[in-house]
There are 6 protein chains.
Amino acid sequence: MSRCVIQVINPNTSQAMTATIGAAATRVAAPGTEIVAVCPSQGVPSIEGHFDEAVATLGVLELIRQGREQGVSGHVIACFGDPGLLAARELACAPVIGIAEAAMHLATLVATRFSIVTTLPRTLIIARHLLQRYGFEHHCAALHAIDLPVLALDDAQGLAQHKVREMCIQSKRQDGSGAIVLGCGGMADLAQTLTQELAMPVIDGVSAAVKMVESLVGLGLGTSKHGDLDYPLDKPLTGVFEGLR
Amino acid sequence: MSRCVIQVINPNTSQAMTATIGAAATRVAAPGTEIVAVCPSQGVPSIEGHFDEAVATLGVLELIRQGREQGVSGHVIACFGDPGLLAARELACAPVIGIAEAAMHLATLVATRFSIVTTLPRTLIIARHLLQRYGFEHHCAALHAIDLPVLALDDAQGLAQHKVREMCIQSKRQDGSGAIVLGCGGMADLAQTLTQELAMPVIDGVSAAVKMVESLVGLGLGTSKHGDLDYPLDKPLTGVFEGLR
Amino acid sequence: MSRCVIQVINPNTSQAMTATIGAAATRVAAPGTEIVAVCPSQGVPSIEGHFDEAVATLGVLELIRQGREQGVSGHVIACFGDPGLLAARELACAPVIGIAEAAMHLATLVATRFSIVTTLPRTLIIARHLLQRYGFEHHCAALHAIDLPVLALDDAQGLAQHKVREMCIQSKRQDGSGAIVLGCGGMADLAQTLTQELAMPVIDGVSAAVKMVESLVGLGLGTSKHGDLDYPLDKPLTGVFEGLR
Amino acid sequence: MSRCVIQVINPNTSQAMTATIGAAATRVAAPGTEIVAVCPSQGVPSIEGHFDEAVATLGVLELIRQGREQGVSGHVIACFGDPGLLAARELACAPVIGIAEAAMHLATLVATRFSIVTTLPRTLIIARHLLQRYGFEHHCAALHAIDLPVLALDDAQGLAQHKVREMCIQSKRQDGSGAIVLGCGGMADLAQTLTQELAMPVIDGVSAAVKMVESLVGLGLGTSKHGDLDYPLDKPLTGVFEGLR
Amino acid sequence: MSRCVIQVINPNTSQAMTATIGAAATRVAAPGTEIVAVCPSQGVPSIEGHFDEAVATLGVLELIRQGREQGVSGHVIACFGDPGLLAARELACAPVIGIAEAAMHLATLVATRFSIVTTLPRTLIIARHLLQRYGFEHHCAALHAIDLPVLALDDAQGLAQHKVREMCIQSKRQDGSGAIVLGCGGMADLAQTLTQELAMPVIDGVSAAVKMVESLVGLGLGTSKHGDLDYPLDKPLTGVFEGLR
Amino acid sequence: MSRCVIQVINPNTSQAMTATIGAAATRVAAPGTEIVAVCPSQGVPSIEGHFDEAVATLGVLELIRQGREQGVSGHVIACFGDPGLLAARELACAPVIGIAEAAMHLATLVATRFSIVTTLPRTLIIARHLLQRYGFEHHCAALHAIDLPVLALDDAQGLAQHKVREMCIQSKRQDGSGAIVLGCGGMADLAQTLTQELAMPVIDGVSAAVKMVESLVGLGLGTSKHGDLDYPLDKPLTGVFEGLR
């Protein structure tokens, strides 16, 4: 496998979370892989709903376009709602992987059913919709929210991390699942420790997505440009969107 | 029913299509209803894919916020992919209805199964995803694309209109459906004529959505602010997004 | 919108419930709409199972035929199981709307998921089957029964109303739903109060159905007579059914 | 197995079809089984839509009640739409089997997928709804209608029989199904011949239902009276329905 | 009905369980039916997972081939996971019925929804997959495991039987189901007593499968040899598999 | 990533196909990955149905056990029906990936919908069942069979390869899919050429599965041993199965 550059996009504007995500990505990257972790210069500091996703999507697309121009080998959208995924796939020719889909896909390969542990209850509907879209409704045994906002994961005191761990332990006891999917990019650094402590796969989407991109790149497969993911039609974008395509 | 002001948002920037949509909305509006047809000042001239939708969503949200501040009674998102629908619902307290959902809902009330006639083949996947999301996969017997871009509907020669009509006739003969849903806001002016010519319901989403908003307003029902459609969390939006919420 | 006459059919023979239903319908009717609330002269006093529905269906069809002959603009079937809905649609050319479908449809337009609160547990299966038929299984988060018969809602002491309210409060706390659907025509007068008290949409199907009929009438759409909802084939009905078609 | 009396109910009023159905039932009945083929004294001469089904259901229920009072061992509803099935189950304590469900169930036991051949296209929606209700959507590869009314099967010239045979042959060639379900009680006498001629299972619901009733009776299983199929609640039925329960 | 010989295959090697299964089968067999209960001479003593199923499948196929050569009228696979069902159908021309499918099918004919009571929690996934495959996901209200291994049912002290009974009582109280399916061939002797004690259908798959085979034999229907269940292609099997086909 | 040894199991006994599969696996293996391609010493020469799968599963399990004892990093089951997948996962602690699942998963990451091109029509049902099990029914637009047996792919004249290519071209023209999945391990060497010729992703499961194993190994994730994929219970296997666990 030749040199592989993966653009890991944190769709929110938090530098701390971008660093966490970038570190998690780097930790699992194959020898030949370079991770470029980026976040938009403008947008929302965290993503906890459809509005936040819609806003963040513009930043994602701007970064995808930049990545494409820089010739990166693949892109990761590192927010658990996979905001802008299909739009990004239209814009890119390289693979584009969302961290929710990556984690969900891999979870179905190591367990018959999995549970999801995420941040705020209001984001659960986004996970539910993704399960339906990706075809994994029957593979998800339960969804849990720790009821803390995303940015609590940046807090040095670790309350959010504590709650994630508690919820994972409870999930293991109750759900009858064989694996747990961590439902937020900001939890990327918890997966390995929890996997060992709980003695079951606890899956982080960021690292999962990096491996999926590496896989597709290694197979010479990019996003299909035949059919409905072809490049956006050539139309004059106006205003702040000029030059986005 | 007291005075009802419905903001009809054409998510693309085409003035001609905004006029078509506004006229269709006005034609069916109840006596007490005022239609305010608007489109974004910047964005994409037509919407034919996920990228276009993502870009258009920002304009939709900006207009939703304006409409909310103006105290409108409800909002219509007049593009068949219902771009930004759930984000708009978070932003609004009044009802927000997409034209695809409105047309699909009503079609299931007058026929056991319906067909969809839309513009470019690449938009079919958007309709498929909406059918899945809304629960109407079993109610849709067939999807057809006339293979002309959206803006061909603005063309004075009427080739697109001709093709829509041909496709509807073919659909009636083949699909075993009891109704046809027109899959583009730019087809809003064709529904009534085709309904009469084909002697079966041919449903335009723009007018359907206006009636759905009137219905919800008449019932005193707005978008639920309990749970996952509550207002976006109060976070500092930066750059061009400042003030969007 | 020209004059609109909506026949609201209470499928059971309870005059008190017919009055409740008629009042709820009238309360939300648009200025140009006249409500004609009727119930069969023979049948069952309340509907709490498939047998009751089958019996009530005959009365519904007789009334639909009468309404059609009187030239009404549309019909509402005001029992939460929507008994005889597709048979009624064959018989009618105007729109026919069931209150379960009306409430469920509208609930999906104001919330991502809804709960149902109904009367006896044995009727839950009817609601489940309708959710499947209409496509809303994924939109319904929970079903609850207050475990009192339908006619308890006619009781002046208000025990049933009290239990409905308690159940709605519990549902709001537990289900993660954004809206509640009231699962009985006899609860029609509770929706508005509960919507305000609970600060979330609590939806009554009777008023919802009235607005759906008004919507379809306003759009010039009737039940499709192309295909499987065409008029019943012309065959000699015998016995008590003579003249029913 | 002690003596078993199976009431085979033809829901329409055609004596000729009742005879066909009775003969088919008798042909497969086990030694200890007595077939009592009946049809309502009033109703519809054939069933080709939801309206016809609703009318026929009353006759079915009246006969179920009579059968119950006579102490029959089980009931068959011999019309492919299984009209009134759940209402009949409430009324009965013995097993009640519809011929559509019987044929579909058995088809899934001898083939991975089956096709349906029925009469008029307008009845296809009824079969589709049953497939959904019974859970066999994925097991049905194709539905075909010969486009002749039910009573054409009573015609001595045999045109309908010819068309059924042609359609079965075509289905075998095209559908990739391993079995064919005949979608009308009036086709009951064709199954055996076609099974042999086509060298694949061609399944008639009447005989299938008889065997299902025998099976349940042999196992000492009746319709569950625990829960939602319990006897109808004791309420005063009025008019022509008096005494129906 | 002429003489009918049903080969009842216990896929595990437990003689005690084979006797239990054979007795249950014999108890319900019609007068003309002979039960031949067999088990493999080598394999696994009990089946509690996919590995056990895979091993047991070979023994099942060997016995199916023998049964076919002996000219039996039909085959029953008497393990609740229905191991090797489709492979057995390829090998046989007579009907082959699994006890899980038989019990589930019959449960849907006497109740709107059923519950399952089985042995170890790790086997629940097998039941879930069968529900999906057979189309009965919506018909199953709950799955319960008594958390004792299969062979505990052979224990004279009856602890497992006690736990099954307790679980059935709890299921009746909680699940809202109208019937219970016993999820293990070793529970075959419990169904009749529990049906009477609980006053609701408690269904054993062994006896259910016997009746399903009798039904198909009585109808002259065997496993379809048209299409994907045709005999295995003629290829040289090697090693221990020589002569298996 | 430390050294990674992937055992690639061809479940049939064809040495030629094992070589093809091994070569395809080696071609995409990452620098640190060693491919060990094996096939059973006894079993079936090709797999074209459920019976063949059942026989081949034993060989797969025997090889999985050997691989586990040799300490391989992961296992690939290189037959498109993924025979014995869940049984193998019980036996292994390292990841086990089937080539059908690998190809289907990756196809959903580069296209909204995919088509499948496989060998004999009788194997289509296996692919259909896997689509259902894995959750990808909505992602598969069409299934095609070239109607040649698996071993035709070993034929030097290349007729099968020619037919695969023709079918892929036809699929691209007709199906509206963005990717094609090759439905047989013996087609592993065709994917890269076809991807380039057709200018769309044509995905081979063998190479896909290798990358999925590498991904899981790189993430430190193995098959979950918590819950229903835990090691088989410790029970005495007898006869030829002794020592298999």
Legend entry - Chain F, closest residue to the rotation axis toward B, by beta-carbon, whole angstrom: F:GLU137, 6
Inset, instruction - Evaluate the Debye formula for segment E:129-245 with equal point scatterers sitting on the alpha carbons, no solvent, and hand back log10 of I(q)/I(0) at q = 0.09 Å⁻¹, in q order, two decimals. - result: -0.40
Legend entry - Gaussian network model of chain B, Cα within-10 Å springs - most flexible of B:ILE64, B:ILE35, B:ILE169: B:ILE169
Inset, instruction - Stick to the Cα atoms of the protein assembly as shown, pair each with every other, and give me the Kirkwood hydrodynamic radius in Å at one decimal. - result: 32.9
Legend entry - Calculated FRET value between F:ARG65 and E:GLN70, using beta carbons and R₀ = 45 Å, to 0.05: 0.85
Inset, instruction - Provide the FRET efficiency to the nearest 0.05 for the E:GLN196-A:ALA142 pair, computing r from the beta carbons and using R0 = 41 Å. - result: 0.65
Inset, instruction - Give the cross-link partners of E:LYS235 among the aspartates and glutamates, using a straight C-alpha distance below 15 Å as the criterion and excluding same-chain residues fewer than 8 apart. - result: E:GLU90, F:GLU48, F:ASP52, F:GLU53
Legend entry - Where labels lie 7 Å past Cα in the beta-carbon direction, separation of E:ASP234 and A:GLU242 in nm: 7.6
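In the structure displayed, which of B:LYS163/F:LYS172; D:LYS172/E:LYS225; B:LYS172/C:LYS225; A:LYS172/C:LYS172; B:LYS172/D:LYS172 lie more than 22 Å apart, Cα to Cα? Write out the running numbers ahead of the final one.
On the way: B:LYS163/F:LYS172 24 Å; D:LYS172/E:LYS225 12 Å; B:LYS172/C:LYS225 12 Å; A:LYS172/C:LYS172 27 Å; B:LYS172/D:LYS172 27 Å.
Checking Cα-Cα distances, B:LYS163/F:LYS172; A:LYS172/C:LYS172; B:LYS172/D:LYS172 exceed 22 Å.
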Inset, instruction - May I ask for the net charge around E:ASP52, where only other residues with Cβ less than 14 Å from the Cβ of E:ASP52 are counted and Lys, Arg are +1 while Asp, Glu are -1? - result: -3
Inset, instruction - Counting helices only, and only those DSSP H runs with n ≥ 4, report the 222 nm mean residue ellipticity of the protein assembly as shown as the sum of -39,500 (n - 2.57) divided by its residues, in deg cm²/dmol to the nearest 500. - result: -13500 deg cm²/dmol
Inset, instruction - For segment D:178-245, just say rounded, prolate or oblate: build the C-alpha gyration tensor, square-root its eigenvalues into a ≥ b ≥ c, call rounded for a/c under 1.5, and beyond that prolate if a/b exceeds b/c, oblate if not. - result: prolate
Legend entry - Shape of segment E:1-93, Cα gyration tensor, a/c cut at 1.5: oblate
Inset, instruction - Grab the other residues whose beta carbon is less than 15 angstrom from that of A:THR33, score K and R as +1, D and E as -1, and report the net. - result: +1
Inset, instruction - Calculate the length of the line joining the C-alpha centroid of segment B:10-48 to that of segment D:217-245, in whole Å. - result: 56
Legend entry - Anisotropy class of segment A:33-83 from Cα gyration tensor, a/c 1.5 cut: prolate
Legend entry - Label point 7 Å beyond Cα along the C-beta direction, distances from E:TYR231 to other copies (nm, shortest first): 4.3, 5.6, 5.8, 5.9, 7.6
Legend entry - Within a Gaussian network of chain A (alpha carbon springs, distance under 10 Å), most fluctuating of A:ILE77, A:ILE146, A:ILE21: A:ILE146
Inset, instruction - Place a +1 charge on the Cβ of each Lys and Arg in segment B:100-205 and a -1 charge on the Cβ of each Asp and Glu, then give the dipole magnitude about the Cα centre in debye, rounded to the nearest 20. - result: 320
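Pairs of Cα atoms under 8 Å, at least six residues apart: use those to get the relative contact order of segment E:70-189, whole percent. Intermediate results must be reported in sequence, preceding the final value.
On the way: 184 pairs, mean separation 35.8, N = 120.
That works out to 30 percent.
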Legend entry - Solvent-accessible area buried by B and C, counting both chains, probe 1.4 angstrom, square angstrom: 3500
Legend entry - Positions from segment D:55-82 whose accessible area shrinks by 30 Å² or more when the full protein complex is built, not the chain alone, probe 1.4 Å: D:VAL55, D:LEU58
Inset, instruction - Go through segment E:166-211 and flag every residue whose accessible area shrinks by 50 Å² or more with all protein chains in place compared to the isolated chain (probe 1.4 Å). - result: E:LYS211
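So with the 1.4 Å probe, I'd like the accessible area per residue for the protein assembly as shown, rounded to whole Å².
On the way: 44160 Å² over 1470 residues.
Accessible surface, normalised per residue, equals 30 Å².
Let's see if you can work this out: charge +1 on each Lys and Arg Cβ, -1 on each Asp and Glu Cβ, no other charges. What is the dipole magnitude of segment F:1-157 about its Cα centre, in debye to the nearest 20?
Numbers: 9 positive and 13 negative charges, 80 e Å.
Result for segment F:1-157 is approximately 380 debye, rounded to the nearest 20.
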Legend entry - FRET efficiency estimate (nearest 0.05) - Cβ-Cβ, E:THR26 to B:SER41, R0 60 angstrom: 0.15
Legend entry - Centroid-to-centroid separation of segment C:134-183 and segment E:139-196 [C-alpha atoms, Å]: 33
Legend entry - the protein assembly as shown - percent of accessible surface contributed by carbon and sulfur, probe 1.4 Å: 50
Inset, instruction - Along Cα-to-Cβ, 7 Å out, sits the label point; list in nm, shortest first, how far the one on D:ALA199 is from those in the other copies. - result: 4.7, 4.7, 5.6, 5.8, 7.4
Inset, instruction - Report Rg(Cα)/(2.2 N^0.38 Å) for chain A, keeping two decimals. - result: 0.96
Inset, instruction - Give me the distance in nm between label points sitting 7 Å out from Cα along the Cα-to-Cβ direction at C:LEU159 and F:GLN157, one decimal. - result: 8.5
Legend entry - Teacher prompt: B:SER41 distances to equivalent labels in other copies, 7 Å Cα→Cβ, nm: 2.2, 6.8, 8.1, 8.1, 9.0
Legend entry - Positive-pole candidate from D:PRO83, D:THR57, D:LEU109, dipole of chain D, charges at beta carbon: D:LEU109
Inset, instruction - Could you estimate the translational diffusion coefficient of segment F:105-182 from the Stokes-Einstein equation, with Rh from the Kirkwood formula over C-alpha pairs, at 20 °C and 1.002 mPa s, in whole µm²/s? - result: 167
Legend entry - Calculated SAXS-style log₁₀ I(q)/I(0) at q = 0.10, 0.14, 0.19, 0.21 Å⁻¹ - segment C:50-150, Debye, Cα scatterers: -0.30, -0.57, -0.95, -1.08
Inset, instruction - Have a look at F:VAL202, F:VAL210, F:VAL110 and tell me which one the Gaussian network model of chain F (Cα, springs below 10 Å) gives the largest fluctuation. - result: F:VAL110
Inset, instruction - Report the relative contact order of chain F, percent, no decimals, based on alpha-carbon pairs under 8 angstrom and at least 6 residues apart. - result: 23
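Around C:MET212, what is the net charge, scoring Lys/Arg as +1 and Asp/Glu as -1 over all other residues with Cβ under 10 Å from its Cβ?
On the way: positive: B:LYS211, C:LYS211; negative: C:GLU101, C:GLU214.
Neighbourhood net charge equals 0.
Per residue of D:89-101, count partner chain C-beta atoms within 10 Å of its C-beta, then hand back the mean as an integer. It would help to have the intermediate numbers written out before the result.
Details: counts 7, 7, 4, 0, 0, 0, 4, 2, 2, 1, 0, 0, 3.
Counting other chains' Cβ atoms within 10 Å and averaging over D:89-101 gives 2.
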Legend entry - Label-point separation, B:GLN170 to E:CYS93 (7 Å along Cα→Cβ), nm: 4.7
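The values are calculated or read from the model by the stated rules, or taken from the named source; none is laboratory data. It should be emphasised that the depicted structure is a prediction, and the values quoted were computed from it without experimental measurement. All Cβ positions, even for glycine, are placed from backbone atoms using ideal geometry, and neighbour counts span all protein chains on display. What goes into the accessible areas is simple: the full protein's heavy atoms, side chains included, and nothing from ligands, DNA or RNA. Shrake-Rupley method; radii C 1.70, N 1.55, O 1.52, S 1.80 Å.
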